[in-house]
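Working notes, beginning with the structure itself.
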Amino acid sequence: MDSTSPEQVILARRAGSTATPMAHEAVYDTILQIIANVHTGKLLDVPAGEGALAARLINRGFEVHCCDLYPEIFRLRDVEICQGDLCGTLPYDNASFDYIICVEGLEHIENPQQAISEFSRLLKRGGHLIVSTPNILNIEERLKWLFYGYTSHFKPLTRQQVERARLEFGGKTEIALHINPISYSELRYRLERSDFEIVGLYRDKRKARLWLYWPIVVLIRLLARLTPVRKRRERWTEELQSDEVLRGGNTLIVHAVKA
């Protein structure tokens with residue numbers, strides 16, 4: 001049984017309420033495609049937001065448990081929501097889940113390694129983890145970093161911007177602010193450090209004007225072919241230049257399994 005206290009659990013009973021997606025619908029569609037052919041089981045959705053993804057997962061037959069730093073924003077009727085901080089210890093026992101899905105989470109927190117370590121603790125051996133993060137390594141974002149020094153989803157945050165976000169979101173700045181850009185290389189390192197094995201990379205959707213960058217993509221891939229095979233393997237060149245990363249959309253979605 002989950003080791004949750006009454007203070008950590010809120011039973012949302014908001015009749016007629018509708019959960020608003022807090023990520024692009026294409027991200028949810030991709031996640032549902034990833035799990036389309038797996039056996040249903042006990043699943044943790046964290047951060048759950050208003051519950052838009054959880055509603056879809058429930059309809060697919062999963063036993064969905066929801067957790068969020070701000071459970072008061074959760075809008076699904078008659079569904080339990082636990083309060084939990086991804087930078088701390090989540091209120092569940094070891095090996096509680098078959099699946100964990102983390103959408104729009106890691107880029108909002110200061111310590112993503114703690115969150116990934118928690119996912120490893122909470123998953124059963126052989127359990128599935130699906131995480132999403134803004135793709136800062138697609139060709140468009142690489143060029144933006146080169147010319148501007150920042151990417152689309154991780155612009156400089158002035159004190160004035162942080163204060164505006166605090167006022168707009170009632171002090172819940174974690175919802176609004178992207179503070180931690182995580183590249184594929186860092187994410188893979190952190191996952192492997194916590195006993196995960198990556199089994200698939202996905203993008204939310206194709207970017208509309210990506211064809212404009214095709215000459216640069218070809219040049220990058222050509223230069224990679226001139227690199228010795230051993231270095232390409234050690235430096236994860238194939239993944240870094242895959243369509244999902246180099247020609248990916250706004251969001252990179254990673255499917256991993258606990259080893």
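At-a-glance table
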| item | result |
| --- | --- |
| Filter result for the condition that a residue is in contact (Cβ under 8 Å) with a residue 60 or more places away in the chain and in contact with a Lys or Arg (Cβ under 9 Å, 6 or more places away or on another chain), over T30, T18 | T30 |
| Qualifying residue in the stretch 57-73 (condition: under 23 Å from F154 (Cβ atoms), surrounded by 14 or more Cβ atoms within 10 Å (Cβ to Cβ), more than 15 Å from the chain's Cα centre (by Cα) and among the aromatic types (F, W, Y)) | yes |
| Selection within the stretch 98-122 - within 12 Å of P47 (Cβ to Cβ) and assigned to a helix (DSSP H, G or I) | L106, E107, H108, A115 |
| Failed item, numbered, when I175 is tested on (1) under 19 Å from E244 (Cβ atoms); (2) outside any loop (DSSP other than H, G, I, E, B); (3) in contact (Cβ under 8 Å) with a residue 24 or more places away in the chain | (1) |
| Every residue from the stretch 98-119 that is over 11 Å from the mean Cα position of the chain (by Cα) and over 20 Å from D195 (Cα atoms) | I109, E110 |
| Failed criterion for G51 (all others in (1) touching a Ser or Thr at 6+ places or on another chain (Cβ under 8 Å); (2) at positive phi; (3) without any contact (Cβ under 8 Å) to a residue 40 or more places away in the chain hold) | (1) |
| Candidate set: the stretch 202-226, residues that are under 16 Å from the mean Cα position of the chain (by Cα) and assigned to a loop (DSSP other than H, G, I, E, B); chosen: the one surrounded by the fewest Cβ atoms within 10 Å (Cβ to Cβ) | K205 |
| Filtered residue count, the stretch 178-196, keeping only those that are in a helix (DSSP H, G or I) and under 18 Å from F154 (Cα atoms) | 4 |
| Only one of I179, I109 that is hydrophobic (A, V, I, L, M, F, W, C), under 27 Å from R235 (Cα atoms) and in contact with a Cys (Cβ under 7 Å, 6 or more places away or on another chain) | I109 |
| Count of the stretch 34-46 residues which are outside any strand (DSSP E or B) and touching a residue at least 60 places away in the same chain (Cβ under 8 Å) | 3 |
| Given (1) among the aliphatic types (A, V, I, L, M); (2) without any contact (Cβ under 8 Å) to a residue 60 or more places away in the chain; (3) in a loop (DSSP other than H, G, I, E, B), index of the condition V199 fails | (3) |
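Every number in this text was worked out from the coordinates using simple rules, so none of it is lab data. Only a predicted model underlies this, so the values are computations on that prediction, with no experimental measurement involved. No Cβ is skipped: glycine too gets one built from the backbone with ideal geometry, and neighbour counts run over all protein chains shown.
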